[in-house]
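**Student:** Take this structure first; my questions come after.
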Amino acid sequence: MKSAVETLNPTRVRLTVEVPSEELKPSLDAAYKKISQSITVPGFRKGKIPSRIIDQRFGREAVFVEAFDDILSSSYGKAVEENELRVLGQPEVTEVTEVGELSNGADLKFIAEVDTRPTIEVPEYEGIEVSVDDLAVTDEDIDEQIDQLRDRFGSLKAVERAAEKDDTVVIDLEAKVDGEVLEDGVASGMSYVVGSDTMIDGLDEAVTGLSAGEEKAFSTELKGGSGEGQTADVTVKVTAVKTKELPELDDDFAQLASEFDTLDELKADIKGRLEHTKAHDQINDGRDKVLEKLLELVEVPLPEKVVAEEIDQRKQQMDQQLSMMGVTLDKWLEIQGQTAEAYDAELQDSVAKGMRVQFLLDEIVKKEQISVNQDELTQHLIARAQQSGMSPDQFAQQVMQAGYVPVLVGEVARGKALDVIAAAAKATDASGNEVDLAKDLHAGDEGHEHHDH
């Protein structure tokens with residue numbers, strides 16, 4: 001077999017392959033065997049039919065048709081290996097010898113184009129300088145957490161006054177279009193937080209100032225449901241007004257909301273958790289900045305076809321997620337206040353940057369001869385299973401069935417490559433203190449969990 005490579009651009013090659021007819025024999029033998037097992041010929045056992053009988057019955061060309069895909073893929077695979085190509089995706093065969101010619105003894109010749117990983121000159125990453133925010137937990141940060149906790153343990157109490165912002169009102173609702181009540185336009189005894197703007201436009205204004213037993217009519221354009229896009233006449237009646245009463249901020253509250261006996265202990269625990277979270281954020285921010293600076297120092301050409309395929313895949317995933325929520329992409333963009341053009345540009349940038357990072361980190365994995373052991377792979381698998389909301393066993397089974405293990409190994413290896421870059425960088429906070437970006441914060445996670453009763 002002979003093969004030659006022509007570089008079309010930094011991420012695409014043209015591969016010309018020639019295979020003498022005698023080298024096609026293994027693929028032809030496999031084809032004869034497969035045909036022999038799938039047909040019945042009187043006087044011969046299934047799977048034991050001689051090649052000459054198959055040629056007489058079906059013609060030699062039929063055997064080459066059966067063998068063709070195997071011949072092509074095995075020859076392509078050998079050519080890729082011989083030329084040490086790091087290919088991406090499937091090849092595009094532009095020229096190939098006809099099956100009829102092959103069956104008459106012609107050599108196989110084909111030309112294929114395929115995307116390849118770019119050749120990257122990894123820049124020096126020792127001593128890259130970045131700055132990060134100071135690690136500071138303020139009293140306001142702690143108070144905000146305490147307020148959220150108090151809100152969770154608050155209780156609703158009915159009040160005899162007009163509804164105000166942040167009150168919870170119990171409402172009956174009826175929506176009509178052209179005088180007809182919509183099939184999904186009636187709600188009874190529904191709780192709604194005034195000012196939350198989570199239902200129909202105009203509802204917040206309508207219920208503000210209403211007391212229990214009072215009602216108001218208003219018109220609004222419906223954003224969803226059976227009357228989407230139409231103007232509806234809505235009547236809303238408030239049947240109760242409730243306000244949230246928060247527990248007193250004292251030791252009793254600490255015992256109610258946590259495992260601590262005193263408010264001071266609860267506050268100290270919250271401060272510790274916030275410091276831990278902010279340390280995580282500070283280190284992650286520093287690592288991202290190191291990677292950004294490294295990307296600025298190197299040219300990473302991208303294969304257009306692979307980028308386009310990744311964008312299409314992301315869009316399909318987005319469509320699936322939105323359809324499960326009963327929303328179209330156009331509707332979601334409208335809710336987000338984003339144009340389709342801006343969304344496409346953002347997606348293009350995200351995919352392109354992600355691919356540049358992946359190629360660069362893969363080169364560092366190669367340069368630093370980084371390997372992944374079984375324990376590291378297991379830990380990563382457990383973390384990914386948690387993100388997917390699956391048990392590690394379920395996730396592992398899916399990974400094995402999909403042949404996804406090399407992908408997970410790559411993710412772990414790239415994480416370790418980022419560790420190498422981070423350890424070599426010089427990071428300081430806004431106050432000039434040195435920050436260790438290689439610090440492993442996961443080891444302390446167990447001591448910083450907060451358990452509610």
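**Student:** Can you name the residue in the stretch 225-246 that is more than 30 Å from Gln148 (Cβ to Cβ) and assigned to a loop (DSSP other than H, G, I, E, B) and, of all such residues, is modelled with the highest pLDDT? It would help to see each step written out before you state the result.
**Tutor:** Pass one, the stretch 225-246, residues more than 30 Å from Gln148 (Cβ to Cβ): 225-235, 237.
Imposing the further condition that a residue be assigned to a loop (DSSP other than H, G, I, E, B) reduces the set to 225-230.
Numbers: Gly225: 81, Ser226: 84, Gly227: 84, Glu228: 83, Gly229: 85, Gln230: 90.
My answer is Gln230.
**Student:** Follow-up question, since we're still on this one. Determine the pairs where a residue that is free of Cβ contacts under 8 Å to residues at least 24 places away in the same chain, located within the stretch 10-30, has a partner that is surrounded by fewer than 19 Cβ atoms within 10 Å (Cβ to Cβ) with Cβ atoms under 7 Å apart, the partner being 6 or more residues away or on another chain.
**Tutor:** Glu23/Met1
**Student:** Cβ contacts < 6 Å: first residue among the small types (Gly, Ala, Ser), restricted to the stretch 287-307; second residue not in a helix (DSSP H, G or I), any location; separation 6+ or different chain. Result?
**Tutor:** Once the first residue is among the small types (Gly, Ala, Ser) and sits in the stretch 287-307, no partner that is not in a helix (DSSP H, G or I) comes close enough.
**Student:** Check the stretch 114-130 and report whether any residue there is touching a Lys or Arg at 6+ places or on another chain (Cβ under 8 Å), open to solvent by less than 50 Å² (accessible area, probe 1.4 Å), of a type in the set (D, E, K, R) and more than 30 Å from Lys244 (Cα to Cα).
**Tutor:** Taking the stretch 114-130 as the starting set, the residues that turn out to be touching a Lys or Arg at 6+ places or on another chain (Cβ under 8 Å) are 114-117, 122, 127-130.
Cutting the leftovers down to open to solvent by less than 50 Å² (accessible area, probe 1.4 Å) gives us 114-116, 122, 127-128, 130.
Checking the rest, the ones that are also of a type in the set (D, E, K, R) come to 115.
Adding the requirement that they be more than 30 Å from Lys244 (Cα to Cα) leaves 115.
Yes, some residue in the stretch 114-130 is touching a Lys or Arg at 6+ places or on another chain (Cβ under 8 Å), open to solvent by less than 50 Å² (accessible area, probe 1.4 Å), of a type in the set (D, E, K, R) and more than 30 Å from Lys244 (Cα to Cα).
**Student:** When you go through (1) part of a loop (DSSP other than H, G, I, E, B); (2) of a type outside the set (Val, Ile, Thr); (3) modelled with pLDDT under 95 one by one for Gln369, which number turns out not to apply?
**Tutor:** (3)
**Student:** What residue, of Lys278, Lys244, Lys271, is out of contact with any strand residue (DSSP E or B) (no Cβ under 8 Å at 6 or more places or on another chain), in contact (Cβ under 8 Å) with a residue 60 or more places away in the chain, open to solvent by 80 Å² or more (accessible area, probe 1.4 Å) and not acidic (Asp, Glu)? Write out each step before concluding.
**Tutor:** Details: Lys278 fails: open to solvent by 80 Å² or more (accessible area, probe 1.4 Å); Lys244 fails: out of contact with any strand residue (DSSP E or B) (no Cβ under 8 Å at 6 or more places or on another chain).
When all the criteria are applied, what remains is Lys271.
**Student:** For Arg52, are the conditions met, namely being of a type in the set (Lys, Arg), touching an Asp or Glu at 6+ places or on another chain (Cβ under 6 Å) and not in a loop (DSSP other than H, G, I, E, B)? Spell out the reasoning first.
**Tutor:** Details: of a type in the set (Lys, Arg): yes; touching an Asp or Glu at 6+ places or on another chain (Cβ under 6 Å): no; not in a loop (DSSP other than H, G, I, E, B): yes.
In short, no.
**Student:** On the given criteria, is Val298 farther than 20 Å from Ala417 by Cα and either open to solvent by less than 60 Å² (accessible area, probe 1.4 Å) or in a loop (DSSP other than H, G, I, E, B) (or both)? Spell out the reasoning first.
**Tutor:** On the way: farther than 20 Å from Ala417 by Cα: no; either open to solvent by less than 60 Å² (accessible area, probe 1.4 Å) or in a loop (DSSP other than H, G, I, E, B) (or both): yes.
Against the criterion (farther than 20 Å from Ala417 by Cα and either open to solvent by less than 60 Å² (accessible area, probe 1.4 Å) or in a loop (DSSP other than H, G, I, E, B) (or both)), Val298 does not qualify.
**Student:** Would you please list the contacts, defined by Cβ atoms under 7 Å and residues six or more apart or on different chains, that run from a residue in the stretch 83-96 that is in contact (Cβ under 8 Å) with a residue 12 or more places away in the chain to a residue that is surrounded by 13 or more Cβ atoms within 10 Å (Cβ to Cβ) and among the small types (Gly, Ala, Ser)?
**Tutor:** Partner pairs satisfying both residue conditions: Asn83/Ser3; Pro91/Ala112; Glu92/Ala112; Val93/Ala112; Thr94/Ala112.
**Student:** Please work out which one of (1) among the polar types (S, T, N, Q); (2) over 19 Å from Leu88 (Cβ atoms); (3) modelled with pLDDT of 90 or more; (4) surrounded by 18 or more Cβ atoms within 10 Å (Cβ to Cβ) is the condition Thr16 fails and give its number.
**Tutor:** (4)
**Student:** Then there's this: In the stretch 327-341, which residue that is open to solvent by less than 80 Å² (accessible area, probe 1.4 Å) and of a type outside the set (Val, Ile, Thr) is farthest from Pro123 (Cα to Cα)? Walk me through it before giving the result.
**Tutor:** First, pick out the residues of the stretch 327-341 that are open to solvent by less than 80 Å² (accessible area, probe 1.4 Å): 327, 329, 331-333, 337-340.
Now drop any that are not of a type outside the set (Val, Ile, Thr), which leaves 329, 331-333, 337-338, 340.
Values: Leu329: 40, Lys331: 44, Trp332: 41, Leu333: 39, Gly337: 40, Gln338: 37, Ala340: 37 Å.
This residue is Lys331.
**Student:** Exactly one condition in (1) more than 30 Å from Asp429 (Cβ to Cβ); (2) touching a helix residue (DSSP H, G or I) at 6+ places or on another chain (Cβ under 8 Å); (3) among the aliphatic types (A, V, I, L, M); (4) not in a strand (DSSP E or B) is not met by Met199; state its number.
**Tutor:** (2) is the only condition that Met199 fails.
**Student:** A further question on this structure: Scanning for something of a type in the set (Ser, Thr, Tyr), touching a strand residue (DSSP E or B) at 6+ places or on another chain (Cβ under 6 Å) and within 28 Å of Asp362 (Cβ to Cβ), does the stretch 84-99 turn up at least one residue? Even if it seems obvious, please write down each step before you answer.
**Tutor:** Initial filter on the stretch 84-99 (of a type in the set (Ser, Thr, Tyr)): 94, 97.
The next check asks that each one be touching a strand residue (DSSP E or B) at 6+ places or on another chain (Cβ under 6 Å); those that pass are 94, 97.
Next, only the ones that are within 28 Å of Asp362 (Cβ to Cβ) stay: none.
There is no residue in the stretch 84-99 that is of a type in the set (Ser, Thr, Tyr), touching a strand residue (DSSP E or B) at 6+ places or on another chain (Cβ under 6 Å) and within 28 Å of Asp362 (Cβ to Cβ).
**Student:** Restricting attention to the stretch 184-226, and to residues there that are exposed (fewer than 13 other Cβ atoms within 10 Å of the Cβ) and under 33 Å from the mean Cα position of the chain (by Cα), which single residue is nearest to Trp332 (Cα to Cα)?
**Tutor:** Thr198
**Student:** Which one of the conditions (1) in a helix (DSSP H, G or I); (2) over 30 Å from Val435 (Cβ atoms); (3) open to solvent by less than 80 Å² (accessible area, probe 1.4 Å) does Glu309 fail to meet, given that it meets all the rest?
**Tutor:** The number of the failed condition is (3).
**Student:** Pick from Met324, Met355: which is open to solvent by less than 40 Å² (accessible area, probe 1.4 Å) and without any contact (Cβ under 8 Å) to a residue 60 or more places away in the chain? Please lay out each step first, then the result.
**Tutor:** Numbers: Met324 fails: open to solvent by less than 40 Å² (accessible area, probe 1.4 Å).
Going through Met324, Met355 in turn, the sole match is Met355.
**Student:** Confirm whether Arg150 is touching a residue at least 40 places away in the same chain (Cβ under 8 Å), part of a helix (DSSP H, G or I), over 31 Å from the mean Cα position of the chain (by Cα) and more than 30 Å from Val13 (Cα to Cα).
**Tutor:** Details: touching a residue at least 40 places away in the same chain (Cβ under 8 Å): yes; part of a helix (DSSP H, G or I): yes; over 31 Å from the mean Cα position of the chain (by Cα): yes; more than 30 Å from Val13 (Cα to Cα): yes.
Yes.
**Student:** Can you give me the number of residues within the stretch 55-98 that are among the β-branched types (Val, Ile, Thr), open to solvent by less than 70 Å² (accessible area, probe 1.4 Å) and in a helix (DSSP H, G or I)?
**Tutor:** Counting residues in the stretch 55-98 that are among the β-branched types (Val, Ile, Thr), open to solvent by less than 70 Å² (accessible area, probe 1.4 Å) and in a helix (DSSP H, G or I) gives 3.
The values are calculated or read from the model by the stated rules, or taken from the named source; none is laboratory data. Computed from a prediction, not measured in an experiment: that's the story for all the values here. Quick reminder, even Gly has a Cβ in these numbers, built from the backbone with ideal geometry, and neighbours come from all protein chains shown. These area figures cover heavy atoms from the full protein model, side chains too; ligands, DNA and RNA do not enter into them. Shrake-Rupley method; radii C 1.70, N 1.55, O 1.52, S 1.80 Å.
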